[in-house]
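Visitor: The structure follows.
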Amino acid sequence: MKKGIHPESYRFVVFKDMSNGTAFLSKSTAYSKETIAWEDGNEYPVIKLEISNTSHPFYTGKNVLVDTAGRIDKFNRRYGKK
């Protein structure tokens, strides 16, 4: 690895999945103004995620229902024969 190009200021940060409420503690250089009380009683910055491994369909094995009928109708209206 090259010296001097990697950040030195790693700190503990809580990543919270907003879709299902799960959270995990990890080290990161990401900045956040918000904090959250963690299980150990300390306050940590919180980074809000839209999706994580606990809610992603690939990891959970659950398929997400996609509105394909609406997409097909929209396509036909836009590009269909007139």
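The values are calculated or read from the model by the stated rules, or taken from the named source; none is laboratory data. Keep in mind that this is a model prediction, so the values were computed, not measured. For neighbour counting, all protein chains shown are included, and Cβ atoms are generated from backbone atoms with ideal geometry for every residue, glycine included.
Visitor: Does T29 qualify as being surrounded by 14 or more Cβ atoms within 10 Å (Cβ to Cβ) and in contact with a strand residue (DSSP E or B) (Cβ under 8 Å, 6 or more places away or on another chain)? Full working, then the answer.
Guide: Working: surrounded by 14 or more Cβ atoms within 10 Å (Cβ to Cβ): no; in contact with a strand residue (DSSP E or B) (Cβ under 8 Å, 6 or more places away or on another chain): yes.
In short, no.
Visitor: Collect the residues in the range 1-13 that are in contact with a strand residue (DSSP E or B) (Cβ under 9 Å, 6 or more places away or on another chain) and at pLDDT below 95, keeping them in residue-number order. So that I can check it myself, show each step before the final result.
Guide: Restricting attention to the range 1-13, the residues satisfying the condition of being in contact with a strand residue (DSSP E or B) (Cβ under 9 Å, 6 or more places away or on another chain) are 10-13.
Listed by number, the residues that qualify are Y10, R11.
Visitor: Oh, and also: With the structure loaded, tell me whether D67 is of a type in the set (D, E, K, R) and modelled with pLDDT of 90 or more or whether it fails that test.
Guide: On the way: of a type in the set (D, E, K, R): yes; modelled with pLDDT of 90 or more: no.
Here the answer is no, as D67 does not meet what is asked.
Visitor: Still on this structure: Can you work out which of the residues in the range 1-35 that are under 17 Å from the mean Cα position of the chain (by Cα), among the β-branched types (V, I, T) and part of a loop (DSSP other than H, G, I, E, B) is nearest to H56 (Cα to Cα)?
Guide: The selected residue is T22.
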